[in-house]
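The values are calculated or read from the model by the stated rules, or taken from the named source; none is laboratory data. For clarity, every value in this text was computed on a predicted model and none was experimentally measured. With ideal geometry, Cβ positions are generated from the backbone for all residues, glycine too; neighbour counts draw on all protein chains shown.
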Amino acid sequence: MTHHPAPLAAAALALILLAVPATGPAQAEVKPVAGGSVVVRKNPGHAIVVGTSGGDGRVSARVRVEAGEYEVSVACPRDVPCALAWVGIDGRRLTPTPRGAWTFPVGPRTGAVTLTAQVVEAPAAAGDGRGPDCAAVFRDNRERIEALAAAGRADDIAAVFTGAGCARPSVEIPSPSAAADPRRSPRRITCEATLLPPRIRCTFLAAPRDAEPRQAAPRTPLSRE
């Protein structure tokens with residue numbers, strides 16, 4: 001699953017960048033973060049990692065796109081709270097949404113865009129100032145996710161993550177018709193998660209071999225002497 005900066009952390013970062021003058025002794029120190037994976041996701045649709053920030057926190061990549069709405073996010077290195085300081089598309093800086101998301105539209109005639117961004121250390125906000133732990137979101141909600149998968153509710157599974165501030169994952173679940181096949185005995189569904197790209201994959205648990213009913217061995221009649 002992909003780490004997003006928490007909305008409060010992203011908002012606090014934006015306020016710092018806007019409120020502090022670009023020069024002078026009062027300038028806030030913005031620390032670049034190396035190793036942040038910048039993710040572009042089509043909404044709705046798949047997500048790809050387009051680049052990893054270097055020592056200056058910057059990323060530049062040519063990204064193939066198709067018509068639709070896209071969102072840019074960052075997966076922070078382990079134990080380093082981070083956020084996107086800015087995002088540019090074809091040389092134009094984006095303005096984040098009120099919830100701190102970086103989005104951009106793509107028209108039908110655009111086949112690729114040049115994305116630039118900088119990953120920086122996120123300021124402390126509510127709590128510890130870190131983005132959501134999307135792996136923990138999966139662990140804490142796994143039983144619910146598997147129940148939703150059994151009911152064929154892929155959108156509701158995705159909402160578990162977006163509601164926690166994580167990127168919307170792609171969701172792969174068995175078809176409801178397969179789960180309800182009357183020719184099969186009930187089978188439990190199990191789900192696994194990957195962070196990059198964010199994906200939830202749910203499958204039937206393999207039936208144990210010893211689940212087949214065993215026939216009792218024929219009894220040998222006792223002989224009387």
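Brief remarks follow.
- Among residues of the range 51-76 being acidic (Asp, Glu) and farther than 11 Å from Val39 by Cβ, the one that is surrounded by the fewest Cβ atoms within 10 Å (Cβ to Cβ) is Asp56.
- For Leu18, the conditions (1) in contact with a strand residue (DSSP E or B) (Cβ under 9 Å, 6 or more places away or on another chain); (2) at pLDDT below 90; (3) not β-branched (Val, Ile, Thr) are fulfilled apart from (1).
- Among the residues of the range 103-136, those identified as at pLDDT 75 or above and among the hydrophobic types (A, V, I, L, M, F, W, C) are Phe104, Val106, Ala112, Val113, Leu115, Ala117, Val119, Val120, Ala122, Cys134, Ala135, Ala136.
- Within the range 28-47, tally of residues that are within 17 Å of Ala101 (Cα to Cα) and surrounded by 15 or more Cβ atoms within 10 Å (Cβ to Cβ): 8
- Residue list for the range 89-100, restricted to those being crowded, with 18+ Cβ neighbours inside 10 Å and either farther than 19 Å from Ala47 by Cβ or modelled with pLDDT of 85 or more (or both): Ile89, Pro96
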